[in-house]
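The values are calculated or read from the model by the stated rules, or taken from the named source; none is laboratory data. Since we're looking at a predicted model, the values are computed, not measured. Note that we place each Cβ from the backbone using ideal geometry, even for glycine, and neighbour counts take in every protein chain shown.
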Amino acid sequence: MQAEIQINNSTTPAARYLTWAPSPCRVRITNPAGSPAVQLRVRLGTRTNTGGGSVAFAAQAGGPYASTLTVTVPVNGQSVSFFVRGVFGKPSSGDRDVIIEARARSAPSSGNWRLLGTLPVMVRIRKNANNLTSGERTRLVAAFAQLNDQGLGRFADFREMHVNQSSPEAHGRPAFLPWHRAYLLDLERELQAVDPSVALPYWRFDQPAPSLFTPDYLGVSDALGNVQLSATNPLQFWRTDNVPGIVRRPFFDPGQAPAGLRTEAQTLALGAQYTGFRTLEGNPHGSAHTSFGGFISSIGTAARDPLFFLLHCNVDRLWAKWQLQNNRFDSGVAASYDTNNPGNKTGHNLVDTMWPWNGITTGDRPPFAPGGALASSACVNAPGPQPRVQDCFDYRGSVAAVAQMGFDYDDVG
């Protein structure tokens with residue numbers, strides 16, 4: 001007799017990734033081997049590798065959640081639903097470092113629970129880039145390097161999405177935050193196609209980051225701003241626009257001091273209305289960009305530097321924190337967004353689809369649309385292949401479970 005466990009209601013290995021949000025799951029008995037019982041009491045629990053993540057179970061999405069869950073499962077192969085989520089503060093550090101176990105009593109009155117099946121999962125969470133383990137750093141830079149493929153890979157599409165001609169789609173208007181959320185998610189999913197254990201980390205630009213700016217990670221700038229990388233760092237072969245390397249000239253010591261900009265606390269104090277909060281586009285976001293010279297300091301070249309994506313991941317994290325702090329996950333609440341305004345450029349109203357994923361190259365859209373549809377996920381369906389502005393708010397499914405986007409932050413509970 002065996003038990004089959006499905007995560008995110010799927011048997012595919014690509015679906016075995018969890019966040020802090022509830023994931024729908026199923027368990028069923030296979031190969032009952034002539035069992036006289038009509039149903040079994042099955043206990044779900046976990047064992048975790050050293051330093052691994054932690055999950056909790058519940059019969060309903062709303063909980064209560066606990067370290068184990070006992071469910072009654074028919075032996076005829078019919079599945080029983082349950083929910084599992086990562087325990088906040090206990091993310092995984094490696095792929096499949098949490099093992100979900102299904103056990104049943106050896107006999108109705110026995111205290112011995114016989115193992116029926118296991119399934120390895122990962123609590124895959126976006127973390128502070130400065131705090132990643134050496135293994136996490138290695139996997140991240142390797143995935144970036146492979147996606148770039150010395151300028152010939154899929155990364156070129158992300159470079160071409162973020163250029164001067166497309167700037168009005170993503171900057172200076174209300175959809176600055178939703179557009180970049182979709183953009184980061186698209187990139188992250190492509191990185192996960194290379195290595196599913198990778199989650200895009202964030203650069204806390206209001207704190208020193210001594211572990212981030214090193215030769216084995218994102219590099220150290222020389223006197224001319226050329227980023228120096230170790231011989232074992234796969235980013236040493238980085239190439240964009242047919243130009244090798246990365247140019248990044250810091251105007252501060254990133255390993256010893258933060259950039260000169262608004263702190264996280266100051267940013268979150270910009271007010272409970274989106275119209276006020278989105279002024280973070282100037283400071284700290286813009287200030288973080290211009291705390292360097294080189295690629296990252298200009299809209300047209302910023303995406304040539306991998307640091308750009310970690311910078312924007314932190315901007316998105318700040319938005320996520322603000323959303324949680326002010327309950328702004330519902331795009332239909334006026335304070336969550338600048339309301340539909342006849343003066344808004346197309347692409348910045350809630351119901352508008354966003355370029356380039358919509359493929360539109362006419363009207364006031366750019367005459368090109370690199371990359372095609374937004375990358376799909378085996379874990380969730382949102383925000384869809386052609387996301388609208390309104391699809392990028394409820395990323396953890398707080399308003400509607402189907403809106404989950406499959407990411408979370410280590411310090412946003």
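Of the listed requirements (1) in the same structural domain as Asn327 (by TED's automatic domain parsing); (2) closer than 14 Å to Leu18 by Cβ, Pro387 misses just one: (2). Any residue at all in the range 141-151 that's within 18 Å of Asn314 (Cα to Cα), assigned to a loop (DSSP other than H, G, I, E, B) and either touching a residue at least 40 places away in the same chain (Cβ under 8 Å) or charged (D, E, K, R) (or both)? Within the range 141-151 (the criterion being within 18 Å of Asn314 (Cα to Cα), assigned to a loop (DSSP other than H, G, I, E, B) and either touching a residue at least 40 places away in the same chain (Cβ under 8 Å) or charged (D, E, K, R) (or both)), the answer is no, since none of the residues qualifies. Looking at Thr361, Thr346, just one residue is assigned to a loop (DSSP other than H, G, I, E, B) and out of contact with any Lys or Arg (no Cβ under 9 Å at 6 or more places or on another chain), and that residue is Thr361. Exactly one residue out of Thr70, Thr50 is hydroxyl-bearing (Ser, Thr, Tyr), free of Cβ contacts under 8 Å to residues at least 60 places away in the same chain, closer than 18 Å to Leu119 by Cα and assigned to a strand (DSSP E or B), and it is Thr70. Considering the conditions (1) assigned to a loop (DSSP other than H, G, I, E, B); (2) under 20 Å from Asp97 (Cα atoms); (3) modelled with pLDDT of 95 or more; (4) not acidic (Asp, Glu), Pro64 is excluded by exactly one of them, (2). Could you tell me whether any residue of the range 310-320 is in contact with a strand residue (DSSP E or B) (Cβ under 8 Å, 6 or more places away or on another chain), more than 26 Å from Ala145 (Cα to Cα) and either surrounded by 17 or more Cβ atoms within 10 Å (Cβ to Cβ) or among the acidic types (Asp, Glu) (or both)? Yes: the range 310-320 contains one or more residues that are in contact with a strand residue (DSSP E or B) (Cβ under 8 Å, 6 or more places away or on another chain), more than 26 Å from Ala145 (Cα to Cα) and either surrounded by 17 or more Cβ atoms within 10 Å (Cβ to Cβ) or among the acidic types (Asp, Glu) (or both).
If only residues of the range 276-297 that are in contact (Cβ under 8 Å) with a residue 40 or more places away in the chain and not in a helix (DSSP H, G or I) are counted, the one that is farthest from Asp222 (Cα to Cα) is Ser291.
Just one residue in the set Asp186, Asp195 is charged (D, E, K, R), at pLDDT 95 or above and either surrounded by fewer than 17 Cβ atoms within 10 Å (Cβ to Cβ) or not assigned by TED's automatic domain parsing to the domain that holds Ala378 (or both); that residue is Asp195.
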